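All remarks here apply to the structure that follows.
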Amino acid sequence: MDGEGGSSGLAKSAAVKLSEMGERTKQLGTAIRDPHQQRRIILVIVCVALLLDNMLYMVIVPIIPDYLADLESEQSEHVHLVMHPNSSANSTSQDKSNKDNLDVQIGVLFASKAILQLLVNPLSGTFIDRVGYDIPLLIGLTVMFLSTCIFAFGENYATLFMARSLQGLGSAFADTSGIAMIADKYTEEAERSRALGIALAFISFGSLVAPPFGGVLYEFAGKRVPFIVLACICLVDGVLVLAVIKPFSNRTRENMPVGTPIYKLMIDPYIAVVAGALTVCNIPLAFLEPTIANWMETTMHSTQWEMGLTWLPAFFPHVFGVYITVKLASRHPHLQWFYGAVGMVIIGASSCTVPACKTFGQLIAPLCGICFGIALVDTALLPTLAFLVDVRHVSVYGSVYAIADISYSVAYAMGPIVAGQIVHHLGFVQLNLGMGLVNVLYAPALLLLRNVCQMKPSHSERDNLLEEGPQGLYDTIKMEERRAKKKGYSSAGNCLPVDENGFDPFRAQRSLSEESSGPECT
């Protein structure tokens, strides 16, 4: 009897736990269906994808040079023993040649991700505009998962190069579609700035935490472990995309608006100024990452842990810069261009002071200044891109954020290859002074954006900019109205007359209603 009572008690407790799990699953399903909660979950998914991408980009910094050096030494020892079995003398010139060759290999490996991302982005932006944001995000996560697994198990330079290039392919889809999805889900400018600021904080966290994360795990657990950890996180994020966003659900895509082609966005002067600012402000970070460790070792005799933690303190001013820019933008949205210009001046001044530092403690201050300035520029200008598309083009964001990704990729593609050559031929001081000067000189160009806040959606402006005729019935009617207006009468319906001053009260009423319902300023 006691056994039967115990078994029935266990059955009851199991039934209670199952019902609780069912209730929680039902609550989770309700939360996923709620649009407000779904936006938050999508923001988390996108932020994790951006975190992963930037951790993958930077986690190899402490791992790959040491790993490739070990491979190179093993290969050179094997060749030396085969060709000179009885010789024990080491050739200094041969060692120098091997080191130079290794530096070139590392630079090309680091840059291959950004180069492929730069080449694929124009195609990925157009693809995202055509099919939506969810399927490209899943494609990007899948490719990133594969590249991470190849990194974990690759044991030669060719395999690692393929993995790095694959990561660039995945990033071109995941980064662009993720940022575009945030801009699409958060339509209010204040919410959009806050959401994009959170995404930028995750990007910064991934970039700055990845080197110590990879270095520690590589030191104590081997090369494979950090990549396996990141691959698992990538897999979980992909499962969340399938469960929450449901990219393959049977929903109609025929009603999606047709986005503006990417080449037409590129010739928009406002978008071009923003893209140039994003490239210029990221050049100091992209050029210092591959060169500052050698400079620290040469000038201040830094230890390995100091070189590994060089950029970690800069995470906090970057997050602070994101926070303060979001707060300022909500109170003074018409000064977005000014926040970006101030950020570029701070970057320029900080870059010029880097060579004057003599100790590790002194070096932290200008590096924090560079990251703080980058936070101001990115947080101010990324929402501005979405606003420009809203008021001057069609509100589809894949191509415009592909342009932003191209801007970043230009800086990071040049960094590992060009920066070393500049340091070798001109010197580290000249590199920093040049980067600082370029940022300070570019800052006034953002004055072109000072009137962006006053823009309203204008079909005539779009027609003049894109040099194309009206699209759809609404645009055709508007075009006929404008032509009739030039002839002195209105053809909006019953050919209502205008007064002697050319004033049409119905047109004025429509204009007033359009202005009152126009989008907010960035």
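With both labels modelled 7 Å from their Cα along Cα-to-Cβ, the THR187 to LEU119 distance reads 3.9 nm. In a fully extended conformation the segment linking VAL104 and LEU437 would gain 117.1 nm over its present Cα-Cα distance, using 0.36 nm per residue. Distance between the 7 Å Cα→Cβ label points at ARG224 and SER13: 4.0 nm.
In the structure shown, the pairs LYS113/LYS223; LYS185/LYS327; LYS113/LYS185 are assessed against 25 Å; a Cα-Cα span above that value is assigned to LYS113/LYS185. Counting only the Cα atoms, segment 294-357 fills a convex hull of 79 Å³ per residue.
Could you rank LYS358, LYS246 by how accessible they are, 1.4 Å probe, largest area first?
LYS358, LYS246
Phi angles across segment 309-319 convert, under the Karplus curve 6.51 cos²θ - 1.76 cosθ + 1.60 with θ = phi - 60°, into 3J(HN,Hα) values of 9, 4, 9, 4, x, 6, 4, 5, x, 5, 5 Hz, Gly and Pro given as x.
Rounded to whole numbers, the Karplus 3J(HN,Hα) couplings from phi for segment 383-389 are x, 4, 4, 5, 5, 4, 5 Hz, using 6.51 cos²θ - 1.76 cosθ + 1.60 with θ = phi - 60°, and x at Gly and Pro. Can you classify segment 101-182 as rounded, prolate or oblate using the Cα gyration tensor, where a ≥ b ≥ c are the square roots of its eigenvalues, rounded means a/c under 1.5, and otherwise it's prolate if a/b beats b/c and oblate if not? Since a/c reaches 1.5 and a/b is larger than b/c, the shape of segment 101-182 is classed as prolate.
Close amide H contacts of SER302 (hydrogens built in the peptide plane, cut-off under 5 Å, sequence separation of 5 or more or a different chain): GLU297.
With the highest mean first, a sort of the peptides 151-158, 170-177 on other beta-carbon atoms found within 10 angstrom per residue produces 170-177, 151-158.
Percentage of Cα-Cα pair distances in segment 105-237 greater than 21 Å, rounded to whole percent? Result: 47 percent of Cα pairs exceed 21 Å.
The phi torsions of segment 136-144, fed into the Karplus equation with coefficients 6.51, -1.76 and 1.60 and a -60° offset, translate into couplings of x, 5, 5, 4, x, 5, 5, 5, 5 Hz, rounded to whole numbers, with Gly and Pro shown as x.
The values are calculated or read from the model by the stated rules, or taken from the named source; none is laboratory data. Note that this is a predicted model, so its numbers are computed, not measured. Reconstructed Cβ throughout: ideal geometry from the backbone, glycine too, with neighbour counts over all protein chains shown. The area values use the complete protein model at the heavy-atom level, side chains included, leaving out ligands, DNA and RNA. Shrake-Rupley method; radii C 1.70, N 1.55, O 1.52, S 1.80 Å.
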